[in-house]
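A.B. asks: If you scroll down you'll find the structure; I have some questions about it.
Please treat every number below as a calculation from the coordinates, not as lab data. Every value quoted in this text rests on a predicted model; they were computed, and no experiment measured them. All Cβ positions, even for glycine, are placed from backbone atoms using ideal geometry, and neighbour counts span all protein chains on display.
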Amino acid sequence: MAKIERFENLISWQKARELNRLVYGASRNSAFAKDFGLRDQIRSASISIMSNIAEGFERGGDKEFLQFLSIAKGSCGEVRAQLYAALDENYLTSEQFKVICDRCVEVSRLISGFMTYLRRSELKGSKFKA
């Protein structure tokens, strides 16, 4: 595997960014936008995914990175749960729900795969190099 120098090069971060864009776009509609609690919560969870991937990467240690990836993966579940709430309130069409939920599942799988790779890898991160 080629060395990744920046978090922006991680596919999981790129897909999380796309997910965030979808969440923000869907939560701009008038009914959803007026439900401040759900709107702010789903946006916060969505941005948490990409933020935790980035922060974990920048920490420079494999164990810390795994911890932040785990938090990001948990935020994927949080977004999916909130998508159901938005669907139940008719803030989303079933097509919007499917597109965003599918992207969320994709991001979660990418994070999971990356976590598995890091656990098996001999890489320790730049923090531990002499």
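A.B. asks: If the chain were replaced by its equivalent ellipsoid, with semi-axes equal to the square roots of 5 times the Cα gyration tensor eigenvalues, what would those be, largest first, whole Å?
C.D. replies: Ellipsoid semi-axes (Å, largest first): 31, 13, 11.
A.B. asks: If you don't mind, there's one more thing I want to ask. Hey, what do the phi angles of segment 49-62 turn into as Karplus ³J(HN,Hα) couplings, whole Hz, using 6.51/-1.76/1.60 and θ = phi - 60°, x for Gly and Pro?
C.D. replies: For segment 49-62, the Karplus curve yields 4, 5, 5, 6, 4, 5, 5, x, 4, 6, 5, x, x, 5 Hz.
A.B. asks: Using label points projected 7 Å from each Cα along Cα→Cβ, tell me how many nm separate Q67 and S94, to one decimal.
C.D. replies: Spacing of the two 7 Å Cα→Cβ label points: 4.4 nm.
A.B. asks: Separate question: With +1 assigned to the C-beta of every Lys and Arg and -1 to the C-beta of every Asp and Glu, and no other charges, what is the dipole magnitude of the chain about the Cα centre in debye, to the nearest 20?
C.D. replies: Dipole magnitude for the chain comes out near 420 debye.
A.B. asks: For the pair I4 and R43, what calculated FRET efficiency results from E = 1/(1 + (r/R0)^6), where r is the Cβ-Cβ distance and R0 = 25 Å, to the nearest 0.05?
C.D. replies: Working from the Cβ atoms, E equals 0.40.
A.B. asks: Another question about this same structure. Calculate for the chain the 222 nm mean residue ellipticity that helices alone would give, adding -39,500 (n - 2.57) per DSSP H run of length 4 or more and normalising by residue count, nearest 500 deg cm²/dmol.
C.D. replies: -26000 deg cm²/dmol
A.B. asks: Using Cα-Cα distances under 8 Å and only pairs 6 or more residues apart, what relative contact order does the chain have, in percent?
C.D. replies: Here the relative contact order equals 30 percent.
A.B. asks: Separate question: Output the 0 to 90 degree angle, nearest 10, between the alpha-carbon long axis of helix 11-26 and the longest principal axis computed from the alpha carbons of the chain.
C.D. replies: 20 degrees
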